[in-house]
1. I'm told residue A:146 meets every condition in (1) crowded, with 24+ Cβ neighbours inside 10 Å; (2) within 14 Å of chain B (Cβ to nearest Cβ) except one. Can you identify the failing condition by its number?
2. Quick check on region A:34-44. Is at least one of its residues among the polar types (S, T, N, Q) and under 15 Å from the mean Cα position of the chain (by Cα)?
3. Please name all residue pairs, on different chains or six or more residues apart, with Cβ atoms under 6 Å, provided the first residue is in region B:60-80 and is under 19 Å from residue B:45 (Cβ atoms) and the second residue is hydroxyl-bearing (Ser, Thr, Tyr) and crowded, with 17+ Cβ neighbours inside 10 Å.
4. Quick check: anything in region B:126-133 on the phi > 0 side of the Ramachandran plot and more than 11 Å from chain A (Cβ to nearest Cβ)?
5. Give all pairs with beta carbons closer than 9 Å in which a residue from region A:232-258 that is without any contact (Cβ under 8 Å) to a residue 24 or more places away in the chain meets a residue that is surrounded by fewer than 21 Cβ atoms within 10 Å (Cβ to Cβ) and aromatic (Phe, Trp, Tyr); count only pairs at least 6 apart in sequence or on separate chains.
6. Search region A:196-207 for residues that are more than 18 Å from residue A:244 (Cβ to Cβ) and pair each with any residue that is in a loop (DSSP other than H, G, I, E, B) when their beta-carbon atoms are under 9 Å apart and the residues are at least 6 apart or on different chains.
7. Kindly provide the set of residues from region A:1-12 that are in contact with a strand residue (DSSP E or B) (Cβ under 6 Å, 6 or more places away or on another chain) and closer than 17 Å to residue A:72 by Cβ, ordered by number.
8. Please indicate, with yes or no, whether at least one residue in region A:157-172 is buried (at least 19 other Cβ atoms within 10 Å of the Cβ), in contact with a strand residue (DSSP E or B) (Cβ under 7 Å, 6 or more places away or on another chain) and either free of Cβ contacts under 8 Å to residues at least 24 places away in the same chain or farther than 26 Å from residue A:41 by Cβ (or both).
Protein chains: 2
Amino acid sequence: MLTNTRSDRVKAVRALSRRSVRSRTGEFLAEGPQAVREAVAFRPAHVRDVYVTPEAAERHAAIVEAARAAELWVHEVSPEVLAAMCDTESPQGIAAVCRVVDVPLEEALAGLPADALVCVLTHVRDPGNAGTVIRGADAAGADAVIVSDASVDIYNSKVVRSTVGSLWHLPVSTGSTVPEILDALRARGITLLAADGAGTTLLHDADLGGPHAWVMGNEAWGLPQEVRDACDDVVRVPIHGHAESLNLAMAATVCLYASAEARRTRR
Amino acid sequence: MLTNTRSDRVKAVRALSRRSVRSRTGEFLAEGPQAVREAVAFRPAHVRDVYVTPEAAERHAAIVEAARAAELWVHEVSPEVLAAMCDTESPQGIAAVCRVVDVPLEEALAGLPADALVCVLTHVRDPGNAGTVIRGADAAGADAVIVSDASVDIYNSKVVRSTVGSLWHLPVSTGSTVPEILDALRARGITLLAADGAGTTLLHDADLGGPHAWVMGNEAWGLPQEVRDACDDVVRVPIHGHAESLNLAMAATVCLYASAEARRTRR
């Protein structure tokens, strides 16, 4: 059992809380049983090391068993070592160093179904919002999530936690510019729908009948004019009461579920 | 201008961050320009005192003007006094002591339209979730929000902040027990739909054609069996991908917007 909180290994894992270290190593830390379980189940080849306290190894025996069955390294560590490794205050006794799972834009868009549903995040800065939208895209059955270069790092521990495992469930691409993303989608015949409170088309009037991508903007200032202009339509979720708006994650989920429902009735 | 951070007035305002003080005084603090603006615009009779720094008074001149036009007390305070009054770290220079706005259950349910849409929160403990659901209910055009007695205090500063003003937009009732709430709704012919991942009816198959109430449970463990049993149907949002679930605020918003859309096409 690893007990030395000052060991090089602990320092190396802890350093993954820094974006620069994640970029250099191509690794990040998945904290908590839910994240580790989904990483092991869906992308075992991307899991490098699992760290677990004796107590958590008992409580989450199924996860440890699945990791061992996938021939992954499982290391027992003291609670102090795990706490020293993790960014979250209560990582619930288990964490895993994972290799990044994002893929190039072309790969994420390869093999999309004819009625593709894609979610594009541009300039999203709040980790919780970004993660929650990825979770919502997964739940709505989106085929891919594309995160533009000017957005929050999806391997930030708060993003990973907010995805509740969805990070490992569907193709995610990062690092492309917004024009590159929109061009690549358009080249595949995918309709571009900007989701923005400034839209004149209401969600229930939007054309969700064919392959389409929802383009979501920053949580505070939405989408810049040039991105709205580059899309085929600008759509807003109707506000029926006196609320000024919905937050990004809520608006995104409502849009994505409208698409899922259109797809369901069509199929 | 009030500059003494140790004055009795500052202490009295600051004390409103404690639930017991809010209960005793029937007052709470609305922090930040958005909350103060909505309180002044929608419920001026419930605003007791507005506190604003000179800098914020310039930046948010329209709010101060509206408050003065409504014959409310507007007090200039130093930034230090405002910070000492508030719970949030950056209250953006403005806050208002408000009288509680919740109404008895009977009053909240009086005058509902024939196709009423009601949102019931039971055992919701997380302030951010509760506030976001109230905001979503407002945006979806719900006619009332009922928060059961075993839930978070809606005057908690995090709840108030998360509602982004919606707390003042629609009738909100608190303090009744879950059985009292369900009985009162049923007596008015309102269909009770429990929103729960354990539901067997999928959202798109739910009967949203008549007056109905969405009954939402705790963010972690959902609705207890007896509440699900007491409802007319238990409905779940379909999960199309590999996500295990949606969070409470997302699921509630999707359900409420499905109701709003059903109502829109019917009207």
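1. Result: residue A:146 passes all but (2).
2. We begin by selecting, within region A:34-44, every residue among the polar types (S, T, N, Q); these are A:34.
Remaining after also requiring under 15 Å from the mean Cα position of the chain (by Cα): A:34.
Within region A:34-44, one or more residues are among the polar types (S, T, N, Q) and under 15 Å from the mean Cα position of the chain (by Cα).
3. B:75/B:51
4. no
5. Going by the 9 Å Cβ cut-off, the qualifying pairs are A:242/B:42.
6. Taking only residues 6 or more apart or on different chains, the pairs are A:201/A:207; A:204/A:238; A:206/A:199; A:207/A:232.
7. From region A:1-12, those in contact with a strand residue (DSSP E or B) (Cβ under 6 Å, 6 or more places away or on another chain) are A:1-2; that's our starting set.
A:2 - this is the single residue of region A:1-12 that is in contact with a strand residue (DSSP E or B) (Cβ under 6 Å, 6 or more places away or on another chain) and closer than 17 Å to residue A:72 by Cβ.
8. In the first step, residues of region A:157-172 are kept if they are buried (at least 19 other Cβ atoms within 10 Å of the Cβ); the result is A:157, A:159-172.
Restricting the remaining residues to those that are in contact with a strand residue (DSSP E or B) (Cβ under 7 Å, 6 or more places away or on another chain) gives A:157, A:160-161, A:170-172.
Still in the list and also either free of Cβ contacts under 8 Å to residues at least 24 places away in the same chain or farther than 26 Å from residue A:41 by Cβ (or both): none.
Scanning region A:157-172, I find no residue that is buried (at least 19 other Cβ atoms within 10 Å of the Cβ), in contact with a strand residue (DSSP E or B) (Cβ under 7 Å, 6 or more places away or on another chain) and either free of Cβ contacts under 8 Å to residues at least 24 places away in the same chain or farther than 26 Å from residue A:41 by Cβ (or both), so the answer is no.
The values are calculated or read from the model by the stated rules, or taken from the named source; none is laboratory data. Here the structure is a predicted model, which is why all the values come from computation and not from measurement. FYI the Cβ positions are ideal-geometry reconstructions off the backbone, even for glycines, and counts take in every protein chain you see.
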